[in-house]
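K.L.:
Provided herewith is a single structure, encoded as structure tokens, for subsequent inquiry.
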Amino acid sequence: MILLTFNILDIEAKAKNSAQISDDDRLKITVDNTKAILRILDIHDTKATFFIEVSIVEKLHNLIKAISGRGHEIAFYNKNSSLHEIEEVKKNIQECFGKQIRGIRQKDLKLPQESLKLLEFNYVSNIDNANILFPFKRLKRDTEITEEDGLSIVPESISPYSQLPYNDFVFQILPMKYYQNMVFETLKNDEFVLIYLNSWQFTDFKTYPFDIPFYRSFSSGKKMEDKLNDLLTWINEKEMATSRMKDYIF
């Protein structure tokens with residue numbers, strides 16, 4: 001099974017040469033990038049899980065409606081929000097859209113699992129930092145879903161052969177043929193492959209003067225759209241199964 005997921009969050013990078021990029025502009029970039037992702041998923045009739053950063057959820061009601069209306073799962077990505085803030089946003093979104101938010105993803109700040117369970121989350125999908133040296137620091141680890149404190153803990157996927165993780169950076173830099181082989185070989189060994197990408201990777205950095213490392217601008221923007229399209233085309237040609245996170249876990 002392939003679990004395709006997207007982290008919907010504003011790009012944090014500063015602007016180059018004293019240029020100004022407002023919070024509203026950053027949010028618009030996030031919305032436009034997410035709409036590009038949705039168009040590609042629509043073409044391939046593929047469902048995914050969208051982890052939306054908690055601090056911008058309330059500003060994205062129209063986008064959430066578009067995501068949910070296409071049959072995708074809405075989950076939360078917590079960057080630095082408190083338990084109280086998460087609880088309030090979760091309550092508001094569930095009341096507004098009539099759908100339970102089951103999953104949460106964390107990276108730098110990891111809140112206690114027992115507290116997340118009290119907020120009625122059903123699963124946690126934590127991820128690690130990804131940079132240019134990150135793939136070389138990985139060690140083999142368990143890739144099976146476990147139950148802890150009443151929550152399903154979904155680990156990051158890692159290739160049992162190359163030892164490369166399936167994070168946003170690896171997808172961006174690897175040639176698609178190599179990445180496809182990695183997915184194919186991993187599914188021979190593991191029950192699922194969890195793939196995640198960030199919405200900001202679909203930004204056209206020639207249009208928006210963000211100050212980001214060269215290796216992060218590589219294959220970004222339209223090239224990322226093409227890469228995602230190529231991956232989904234290959235998945236469908238090989239008749240590989242895909243699933244939203246909540247459907248697979250429960």
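Every number here is computed from the coordinates shown, using simple stated rules; none is lab data. Treat the numbers as computed from the prediction; the structure is a model and nothing was measured. Cβ sites come from the backbone with ideal geometry, for glycine too, and all protein chains shown count toward neighbours.
K.L.:
Mind checking the full-extension length gain between residue 177 and residue 44? Use 0.36 nm per residue of separation minus the Cα-Cα distance, one decimal, nm.
P.N.:
That works out to 46.0 nm of additional length.
K.L.:
Among 21, 158, 2, what is the fewest-to-most ranking by other Cβ atoms within 10 Å?
P.N.:
Placing the least packed residue first, the sequence is 21, 2, 158.
K.L.:
Calculate the dipole size of segment 70-131 relative to its Cα centre from +1 charges on Lys and Arg beta carbons and -1 charges on Asp and Glu beta carbons; express the result in debye to the nearest 20.
P.N.:
The dipole magnitude comes to about 200 debye.
K.L.:
Among 195, 179, 67, whose Cα projects farthest towards the positive end of the dipole of the chain, with charges put on the beta-carbon of Lys, Arg (+1) and Asp, Glu (-1)?
P.N.:
179
K.L.:
Could you give the length gained by full extension between residue 117 and residue 1, i.e. 0.36 nm per residue of separation minus their alpha carbon distance, to one decimal place?
P.N.:
Between residue 117 and residue 1, full extension yields an extra 39.2 nm.
K.L.:
For the chain, with only Lys/Arg (+1) and Asp/Glu (-1) charged at the beta-carbon, what is the dipole magnitude about the Cα centre, in debye rounded to 20?
P.N.:
Result for the chain is approximately 580 debye, rounded to the nearest 20.
K.L.:
A follow-up question, please. Pick from 199, 152, 162 the residue whose mean-square fluctuation is largest in a GNM of the chain, springs joining Cα atoms under 10 Å.
P.N.:
Highest fluctuation among the options: 162.
K.L.:
On a full-extension model of 0.36 nm per residue, what is the gain between residue 148 and residue 17, subtracting their alpha-carbon distance, rounded to one decimal in nm?
P.N.:
42.4 nm
K.L.:
If I take the Cα coordinates of the chain and project them onto the principal axes, what are the three extents in Å, biggest first?
P.N.:
48, 43, 35
K.L.:
Over 28 Å between Cα atoms, which of 47/223; 59/222; 91/222; 65/107; 14/246; 47/177 qualify?
P.N.:
91/222; 14/246
K.L.:
Something else now. Among 118, 174, which comes first, second and so on when ranked by fewest other beta-carbon atoms within 10 Å?
P.N.:
Ascending Cβ contact count within 10 Å gives the list 118, 174.
K.L.:
I'd like the FRET efficiency for residue 110 and residue 247, computed as 1/(1 + (r/R0)^6) with the beta carbon distance as r and R0 of 25 Å, rounded to 0.05.
P.N.:
That gives a FRET efficiency of 0.50.
K.L.:
A follow-up question, please. In the chain, what % of DSSP beta bridges are antiparallel (nearest 5)?
P.N.:
Antiparallel bridges: around 15 percent, rounded to the nearest 5.
K.L.:
For the chain, modelled as a GNM with alpha-carbon contacts under 10 angstrom, which of 113, 20, 180 fluctuates the most?
P.N.:
20
K.L.:
Still on this structure: How many angstrom lie between the C-alpha centres of segment 77-125 and segment 1-51?
P.N.:
Cα centres, segment 77-125 to segment 1-51: 20 Å.
K.L.:
Counting Lys and Arg as +1 and Asp and Glu as -1, each charge on the Cβ, what is the dipole of segment 1-106 about the Cα centre in debye, to the nearest 20?
P.N.:
It comes to approximately 240 debye.
K.L.:
Using a Gaussian network model of the chain whose springs link C-alpha atoms within less than 10 Å, name the residue from 38, 83, 164 with the highest mean-square fluctuation.
P.N.:
Of the options given, 83 has the highest mean-square fluctuation.
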